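Structure record follows, encoded as structure tokens.
The values are calculated or read from the model by the stated rules, or taken from the named source; none is laboratory data. If you're wondering where the values come from, they're calculated on a predicted model, not measured in any experiment. Reconstructed Cβ throughout: ideal geometry from the backbone, glycine too, with neighbour counts over all protein chains shown. Only protein heavy atoms, including side chains, enter the accessible area calculation; ligands, DNA and RNA are left aside. Shrake-Rupley method; radii C 1.70, N 1.55, O 1.52, S 1.80 Å.
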Amino acid sequence: MSRRTLSMIMLTMLVLVLSGCNPATAAPIGPDATGFWDKYLVYPLSWLIKESALILGNNYGFGILVATVIIRLIVLPLMVKQIKSSKRMQELQPEMQKIREKHKNDPQKAQQETMALFQKNGVNPLAGCLPMLVQMPILIAFYHAIIRTEEIKTQTFLWLTLGEKDPFYILPIIAAVTTYLQSKMMGQATQGNPQMQMMLIMMPLMILAIAVTLPSALSLYWVYGNLFTIVQTYFLYRDKGNKLTPKEGTSK
């Protein structure tokens, strides 16, 4: 299974899971939370957002920013690994294109030789999915923290009520645009690979479709996270003369 296919499946699963959550029937979350999910994921996120907001003048938009940065710093090693994997795959694009042209009438043979090329250069094409796998439960827990914490869902930030959808769809559009920029910087738009180019468009559209149905606080978290990744990717990619060595791809 390719990385793009796995990413689409995970996003679809995310839509199904979040669409099944009912804010009207969800129990409020508090210090007395029980169960692993509520006690160790949902409540700590709720507490972190509230405490950060209080420190920053009761501004819950900035509280979500602090929570986002902390979460991104925790998963930073996985993100760096993903970016290095994407960078290495970019460097292999000329050889991958030659394989596709050589076996354009035999897709199975082309896939076999491509996988052999990845193995030779120490590249795991699915390595980029690991950060998304890790962040999916965080995103779902973030959603629960919002809809089950009265102080968060009733707060306003700019034109938004954090527990409600963006009435003007501005934030979902920004989330989709920043997803596109992030994906492009990480090398998903590769010349000569129409499937990857299509994925570059499909991913932001799926993010847009998800974001317009969810509380604006979740879209805000998504935008903050994308901007963090864009800045991080810029600094990791800016030294274009520093090529990864064949076995470095996902190991460093």
- With a point put 7 Å past each Cα toward its Cβ, work out how far residue 201 is from residue 51 in nm, to one decimal. 4.7
- Query: Dipole magnitude of the range 25-147 about its Cα centre, charges +1 at Lys/Arg Cβ and -1 at Asp/Glu Cβ only, in debye to the nearest 20?
  - Reply: 540
- Can you give the accessible area of residue 81, probe radius 1.4 Å, in Å² rounded to 10? 80
- Query: Put a dot 7 Å past each Cα toward the Cβ at residue 170 and residue 103; how far apart are the dots in nm?
  - Reply: 5.1
- Note on the structure: Simple SL model, points at 7 angstrom along Cα→Cβ for residue 59 and residue 34; separation in nm is 4.0
- Note on the structure: Length gained, residue 235-residue 76, 0.36 nm per residue minus C-alpha separation, equals 55.9 nm
- Checked the range 138-186 with the C-alpha gyration tensor, a ≥ b ≥ c its square-rooted eigenvalues, rounded below a/c of 1.5, otherwise prolate if a/b is larger than b/c and oblate if not; verdict oblate
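Using a 1.4 angstrom probe with every protein chain in place, what is the largest-first accessible-area order of 198, 185?
198, 185
For residue 93 and residue 151, what does the FRET efficiency come to when R0 = 45 Å and r is the distance between their Cβ atoms, rounded to the nearest 0.05?
0.40
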- Quarter of the Cα convex hull surface for the range 30-173, i.e. its orientation-mean projected area (nm²): 12.3
- Ordering 38, 166, 32, 106 by the accessible surface of their heavy atoms, 1.4 Å probe, largest first, yields 32, 106, 38, 166
